[in-house]
Every structure is written in C-alpha cells, then in structure tokens.
Amino acid sequence: MQKVVGVRFKKAGKIYYFDPDELDLQLGDGVIVETARGIEFGYLVVGPKLVSEEDIVTPLKKVIRKADDSDYKKVEENEKKAKEAFQIGLEKIAKHGLPMKLVNVEITFDNKKIIFYFTAEGRVDFRELVKDLASVFRTRIELRQIGVRDEAKMIGGLGLCGRPVCCKTFLGEFQPVSIRMAKDQNLSLNPTKISGLCGRLMCCLQYEADTYKDALAQLPNVGDVIDTPQGKGKVTEVNPLTGEVNVQVEEGVEIVLNLGDNTPDCDTCAQHCPVRKQVTVDKCPLVAEANPESSQEASEAPEVHVFETKEQEKEEDAPQKGENGKDNEKDDKGKSKGKKSKRRKRRKSKKNSQSKDKNREKGKSKDKEKSKEKNTGSNSDGNKSRKKSSKNKRRKSKRSKTGDDENKF
C-alpha cells in the first residue's frame, strides 16, 4: 500500500496521485508538483490515503512544497499572459490563413512552455505558425489539436436542462455513451434532444444507465408472450422504474401487471395479485373465488327465445289462467291486442318495402328495354345508310360502262 494525495490542475480536470512525503497537507491547499510538462501549480482535492500499487502509475512523483503567497500571485500573472497570448495567436492564425479554431491557451507555472489548444476538421500544417509564435514569445511553443468534447469542457455553457454543462463543472473524465442507453431509458431518439453542446450524446445519459439495465433484466421484453391471471398475453409496453408491464390478453383487452412487488393496488379487489388495472371484473379469477354470488349474477344472461314456427309463437303468446281467471283473461286480451297491432304494423311495413323494391325493379327493366331499342334503332339506321351507299355505287358503275360502250361505237 502506498500513501498518496490527489491533485487537480483544473476546476473539473483529472485527478493525479502524488507522494506527499512528510508534508502536512489539507484539502484545498495549493501545492507545487513536478509533472511531464514541468513544474505545475495545483490544488489538493484528495487527502492523504493508502492506495494499492495497482492503482498507481509508477514512478510516483513527490510534492515539491506547499504553495505560498508568491505562488498565487504568479498564477494570476500567468492567467493574464495567457489572455494576451490568445489574442496574438488569433492574429497569427488569420495572417497565415490556416483552417483552425483557437480554443484556449495555457502557460506553465515556470513560464517555460505555452500550449495553444485548437480544433480543426483535418490535419493542419502549422510549422510556419509555430516559428512565428516562437519569435514573439521567445519560449517553447506547443500546438495541440483537441476534439469537440474537450472544446465544450474548456469553453463551457448551458445545457438543455438550463444548468452549466457537467463536463465543465464536475466531470473529471469522459465516459463512453451509446445510443443503447437512450433506448433503455425510453427517451426520444431525436438527435436535438439527446445531444449536448458538443454535438455528441449527452454525458448524463450514462448516469442512470446501470439502474435501468438492472431493472430491465428483471422484466420481460416487448413482444414476449407471458402467463397472467387471465391467461397468456403479449407484452406491449414496459416501465422499468415502476415495474409495470402492459399485457394484451385479447383483442382490445389489456391489463397492467406490476412485477416489481406484490402489494394490492388493483381497481377491483384487494387481493395480492400482480394485476394493477383490471379491465373487466368477470375475467378476474380472484374476484370470482372471493365473491362467487356476484360472479354467478354477472355470468347469468337473459334468456332469448327463438321460435321456429308461428304455432309455437301463438302458443307462447296464449293467455294462461290462474286463480283469478277473469282478471288474467282481461290482461291477456289487452296484451294480445297490443301484440296484434304491432304485428300488423310490421306486416304493413314489410309490404311497403316489398312494393318499393318491385317498383324499382320495374323501373330498371324499363330503362334496359329503352336502351336496347335505341341500340337496335341506331344499328338499323346504319344498315340502311350502308345499303343506299352500295346502290349508288352500283348505279355509277353501270353509267360509266354505258358511256364507254357509246364511245366505242
């Protein structure tokens, strides 16, 4: 085990481990350390702790000393120099006409190196630019090309949620984000809604990805056929947060199961059942077991009599005499009269409809006959005209022959 402290050089930068040696350091203290870029100033964000050697990048460098007031002043001066270098860099890039966008400029604590961060679509030949900048600053110049995510991290801004972007405020490293995470969370796949300022997928999609993945592993997939208290059904929708699963049992009949817990929350009864919303009470087997009388009443339907012949219908309508025969007969007579009047009305309506149908058929037949007559008349006229034309041709031919004979003589 190795005793280390965590140092961060930027507000939301990566944390690097250093050996504190025997220095008395506390969280938030400024420290001077040696890095691959030279002497750097950073802040202590992780207090002294023991870490296994596997988590350490060897060789582990030591903290040189704790920062004092002169070090803080030097940091402020370097920030001012970096702003001036940024403006000079923009002018030199425009002068050389290079297709690159300058993003940020950093100056090391010991003023031995100036780093220019830029973005570009492809490779850029900036050798002449480096020479020009070196002649101005009289120090070592480094130009580093970065991606769009690093650009958003350096510049910052407001995200779709209205808060500052995560990469600028607290994210130390970028984690891989895939479109599968958005699908598992039932989010809209519209690129404008799931993309950040950098144009890539938002980093916050990764925050709850593991929770959704574990929840979906315990639930069926959409399209699976599962067993329910109402029989087998097809899964149409899944909500991983509540554990509710929409299942289509029949055409137009859909129930909601809660596979996350077994607490009673059904609309029809208080039985311990995964059903959350029951479409019809009759189809719930638990309700039938708890209340057999209500299920029998629901299952009993009114009888419908179908009479095959008129005699059966008359027998059914015949009055039945009881103890008070006269009263029953009067009532039955009134009922029979009402039934007879209804029958008469039905018969009249049937006759009227039949007569209308007959009239329509007659009209159609007449129209057909007229059309046939027209067709035959036109055909006869055409034949007559053809015959006349043929006769005229014959007459002309005879005249021409007689004229030729006369000329011969």
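The values are calculated or read from the model by the stated rules, or taken from the named source; none is laboratory data. Keep in mind that this is a model prediction, so the values were computed, not measured. Here the Cβ positions follow ideal geometry from the backbone for every residue, glycine too, while neighbour counts run over all protein chains shown. Keep in mind that these areas ignore ligands, DNA and RNA; they rest on the heavy atoms of the full protein, side chains included. Shrake-Rupley method; radii C 1.70, N 1.55, O 1.52, S 1.80 Å.
Whole Å is fine, so just give me how far the alpha carbon centre of segment 150-218 lies from that of segment 30-92.
29 Å
Go ahead and run the numbers for FRET between Ile155 and Glu237, Cβ-Cβ distance against an R0 of 30 Å, rounding to 0.05.
Values: r = 41 Å, r/R0 = 1.36.
It comes out at approximately 0.15.
To the nearest 10 square angstrom, how much accessible area does Arg149 have with a 1.4 angstrom probe?
60 Å²
Given the protein chains as shown and a 1.4 Å probe, how many square angstrom of Ser70 are accessible, to the nearest 10?
70 Å²
Starting with the highest mean, order 44-57, 115-128, 202-215 by the number of other Cβ atoms within 10 Å, averaged over the residues of each peptide.
Answer by packing, highest mean first, reads 202-215, 115-128, 44-57.
On the first, second and third principal axes, largest extent first, how far apart are the outermost C-alpha atoms of segment 69-141 in Å?
43, 22, 18
Using 0.36 nm per residue, how much length does the chain from Ala120 to Ile146 gain when fully extended, once their Cα-Cα distance is taken away?
Stretched out fully, the Ala120 to Ile146 stretch lengthens by 8.5 nm.
Full-extension gain between Val46 and Ser135, please, as 0.36 nm times their residue separation minus the C-alpha to C-alpha distance.
Residue separation times 0.36 nm, minus the Cα-Cα distance, leaves 28.0 nm.
From largest to smallest, what semi-axes in whole angstrom does segment 134-188 give when each is the square root of 5 times an eigenvalue of its alpha carbon gyration tensor?
34, 14, 9
With bins 10 Å wide starting at 0, give me the P(r) of segment 1-140 over every alpha carbon pair, in whole percents.
So the P(r) values, bin by bin, are 10, 35, 27, 20, 8, 0.
Compute, for Ile194, the solvent-accessible surface of its heavy atoms (probe 1.4 Å) with the complete set of protein chains present, and express it in square angstrom to the nearest 10.
Counting only protein heavy atoms, Ile194 exposes about 10 Å² to solvent.
With a point put 7 Å past each Cα toward its Cβ, work out how far Phe86 is from Arg200 in nm, to one decimal.
Output for this residue pair reads 2.2 nm.
Which length gain, in nm to one decimal place, applies between Leu187 and Glu34 when the Cα-Cα distance is subtracted from 0.36 nm times their residue separation?
Roughly 50.5 nm would be gained on extension.
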